[in-house]
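Q: Below is one structure. I have some questions about it.
The values are calculated or read from the model by the stated rules, or taken from the named source; none is laboratory data. Computed from a predicted structure; not experimentally measured. Note: ideal-geometry Cβ built from the backbone for every residue, glycine included; neighbour counts use all protein chains shown. In case anyone asks, the SASA skips ligands and DNA or RNA and just uses the protein heavy atoms, side chains included. Shrake-Rupley method; radii C 1.70, N 1.55, O 1.52, S 1.80 Å.
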Amino acid sequence: LVYIALERLEKARLVTKVKRKNINLFQPNSPERLLNRVEDTLKTAKNVIPQLRQLLDKHEKPIQVETLIGREAFIRHLYEVVEDVKKDPKREIRIMGGAGVGASNPINITGDAYPDYAEACKKAGIKKLLLCSPETLEIYKRQFLIYPGNKLRVIEGEFHSPTLTRITKELVSIEIYEPEILVLQIRHPQIAQHYLEAFETLWKKSLSIKE
């Protein structure tokens, strides 16, 4: 074991092997060589750390998916979206879909809890941008545009199912209201970005509605 350790020190150039009369002698090298080796190791580490940080930054976050069922879970979901959008300097919730008629009206589903939700959005400085279908336009003009900061646009031929999709910078939520209330939350910044880009494309093609 001693010879194995000495050979490792020789490979590290911390000792020198001298052979005399068929006997291997090991002489320690200058202590500065050990110090130089430590300094070289620290220098290498300092160069590698920024690269490792870049790799960690680029490492994709896992996709988080959660399913919520029922009216109470739906209302809780609305407040979760509010908290999530506070991270966005623009503080905008983008909403699009064909829901709004009859039992698929999210404002009616929220019921007497909606004014408190709207007030929470107002206090947080949140704006809501809604892209709806012609079939639900009059409903949202009465129920959605009455709240300050909300913006409404209509587009034809895009939304055929009675659902809504809410989008923030990190969260996409697909809301289904019939036959039971179900919300599918997908939390992932890259997926959310794709939805945001699709929303912006449709928003530019749509017709602006004034109160």
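Q: Please label the shape of the range 155-211 as rounded, prolate or oblate, based on the square roots a ≥ b ≥ c of the eigenvalues of the alpha-carbon gyration tensor (a/c under 1.5 means rounded; beyond that, a/b larger than b/c means prolate, else oblate).
A: oblate
Q: Once label points are set 7 Å from the Cα along Cα→Cβ at both E197 and D112, what is their separation, rounded to one decimal in nm?
A: Distance between the two pseudo-spin positions: 4.6 nm.
Q: List the pairs from K128/K210; K122/K205; K169/K210; K123/K210 whose alpha-carbon separation is above 20 Å, in the order I gave them.
A: Violating the 20 Å limit, Cα to Cα: K122/K205; K169/K210; K123/K210.
Q: Then there's this: Calculate, for the range 157-211, the solvent-accessible area per residue in square angstrom, rolling a 1.4 angstrom probe over the heavy atoms of the protein chains.
A: Accessible surface, normalised per residue, equals 56 Å².
Q: Tally the DSSP beta bridges in the range 84-211 and give the antiparallel ones as a percent, rounded to 5.
A: 65 percent
Q: Sequence gap at least 6, Cα distance under 8 Å: using those rules, report the relative contact order of the range 127-211 to the nearest whole percent.
A: 29 percent.
Q: Separate question: Using per-residue counts of other Cβ atoms within 10 Å, averaged over each peptide, order 115-126, 156-167 from highest down.
A: 156-167, 115-126
Q: Highest first, please rank the peptides 85-92, 104-111 by the mean number of other Cβ atoms sitting within 10 Å of their residues.
A: Final packing ranking: 104-111, 85-92.
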